[in-house]
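The next block holds one structure in the form of structure tokens; read it before the comments.
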Amino acid sequence: MISSRSCSNRLLALLPLVLLLLAAGCARLPVEAVRPSGPLVAVYPMEDLSGADAPLAAMRSGITERLRQSGVRIMDEADLRRFMEQQRIRYTGGLDLETSAAFKAKAGVDAVLIMSLEYYSDVSPPKVSLVARLVATGEKPEILWMDSVGMAGDDAPGILGIGIVEDPSVLWNRALDYLSGSLLRKLAGEETPPSSWEGRFRPKEAYRFMELDPKRRYSVAVLPFFNESERTYAGEIMVLHVVKQLVSSKAFSVLEPGVIRGKMLAMRIIMQNGISLPAADLLANNLETDFILTGRVFEYRDLPSGSGKPRVDFSLQLLERSSKMVIWATKSRNTGDDGVFFYDWRRVSTANALTEGMMRAFLGVMVEDTAQVKMTPPRMSPEELERILMSP
């Protein structure tokens, strides 16, 4: 289990030079202003979970240049390509144990930036959603930072629509500005206060079998979600959002998803109708985490602007490794116009932002607001729980 102090120490040791950003307001600096130095960061090719014809290379180049101009030493593109060929790396959505160790030992890379494009639409007004995380290399890959952003060109139309963004490149550059600024502030040692959660996103059903110790920091592995929606990659997207919220919490130490994927491949665990409890137990014992979290996605709808509102429907189960019991279970379902009563005030335009709100509410209920959650008797069978939570 990784302590919060060790995580902070690794962040501070990773990039001390970014203190300059405090004076610069995290704005992009001229290339000559800061000389790249310090630890080496590799920027993985962007994982495409959108299924759209998106400018992936331009987005990756954009955030790489922002980091380089701010003083981050980036691994040379040719060296990264050569390393990936030598190690036969094809999957860029995570970092497994073998690849993490090789990055450190053979390439001298200290951290890998992993980015996933969740959604992209260039239909005016455009939409873009991105998820990114920085993972330390070595024998035990550790998530140092993680954030996401979902933007639509009509998020802030203003008077007479003067605030509407119609150029997709303007929008995704704003998204990159947000992510790079968030990462650099974290590396500079700034702690972002946890975002409050809204009651409109509270889970529709929530059951608990035991209390969590508020003084303890639990380790958790988030397993792949079973996707029953029409949206391709909805399961992978949901895992990223769950991991992001757990990473932001002081109550949990989260295992890098790439490690879990590597273990599942090595153990030949195949998910057909969701992971079985025996397989989950076997995996949990191998990973040696306190909890494993899994679930199902029933709906994950994100449409071009003007084509409909986002809609997200999923269920979660938290299983304890020692007792082999489900200790928490929730069901959430929301649309982008929930709680909107005055024109479009508080309207949510992207499934990314909607899911973030729902995940914050789930974590808030589990950690902060347990008094109002139903205490379920342990005699409830897994089949009964399945009927309650796994039906759309």
Could you list, in sequence order, the residues of segment 151-194 that are among the basic types (Lys, Arg) and at pLDDT below 95?
185, 186
Could you list, in sequence order, all residues of segment 186-207 that are open to solvent by less than 20 Å² (accessible area, probe 1.4 Å), touching a strand residue (DSSP E or B) at 6+ places or on another chain (Cβ under 9 Å) and either assigned to a loop (DSSP other than H, G, I, E, B) or charged (D, E, K, R) (or both)?
203
Would you be able to tell me the number of residues in segment 75-128 that are hydrophobic (A, V, I, L, M, F, W, C), open to solvent by 40 Å² or more (accessible area, probe 1.4 Å) and either within 30 Å of residue 352 (Cβ to Cβ) or assigned to a loop (DSSP other than H, G, I, E, B) (or both)?
2
Checking the structure you have, find out if any residue of segment 6-28 is surrounded by fewer than 17 Cβ atoms within 10 Å (Cβ to Cβ), in a helix (DSSP H, G or I) and at pLDDT 95 or above.
no
Could you check how many residues of segment 141-165 are within 26 Å of residue 185 (Cβ to Cβ), in a loop (DSSP other than H, G, I, E, B) and in contact (Cβ under 8 Å) with a residue 24 or more places away in the chain?
4
Which condition from (1) out of contact with any Lys or Arg (no Cβ under 9 Å at 6 or more places or on another chain); (2) touching a residue at least 24 places away in the same chain (Cβ under 8 Å); (3) not charged (D, E, K, R) is the one that residue 71 breaks?
(1)
Cβ-Cβ distance below 8 Å, separation of 6 or more or different chains: which pairs start in segment 116-131 with a residue that is touching a residue at least 24 places away in the same chain (Cβ under 8 Å) and among the aliphatic types (A, V, I, L, M) and end on one that is open to solvent by less than 10 Å² (accessible area, probe 1.4 Å) and assigned to a loop (DSSP other than H, G, I, E, B)?
117/49
Working only within segment 288-330, note down all residues that are open to solvent by 10 Å² or more (accessible area, probe 1.4 Å) and among the aliphatic types (A, V, I, L, M).
303, 319, 325, 326
Filtering segment 275-321 down to residues that are hydroxyl-bearing (Ser, Thr, Tyr) and within 21 Å of the chain's Cα centre (by Cα) yields 289, 294, 300, 315
Qualifying residues in segment 228-252 (those that are assigned to a helix (DSSP H, G or I) and of a type in the set (S, T, N, Q)) - the one most open to solvent (accessible area, probe 1.4 Å)
248
Residue that is farthest from residue 134 (Cα to Cα) [pool: residues in segment 253-269 that are of a type in the set (Val, Ile, Thr) and open to solvent by less than 20 Å² (accessible area, probe 1.4 Å)]:
260
Checked segment 323-342 for anything in a loop (DSSP other than H, G, I, E, B) and not aromatic (Phe, Trp, Tyr); matches are 323, 324, 336, 337, 338, 339, 340
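The values are calculated or read from the model by the stated rules, or taken from the named source; none is laboratory data. Quantities reported herein were computed from a predicted structural model and do not represent experimental measurements. A quick note on method: Cβ atoms are made from the backbone with ideal geometry, for glycine too, and the neighbour counts reach across all protein chains shown. Heads up: the accessible areas ignore ligands, DNA and RNA and are worked out on the full protein's heavy atoms, side chains in. Shrake-Rupley method; radii C 1.70, N 1.55, O 1.52, S 1.80 Å.
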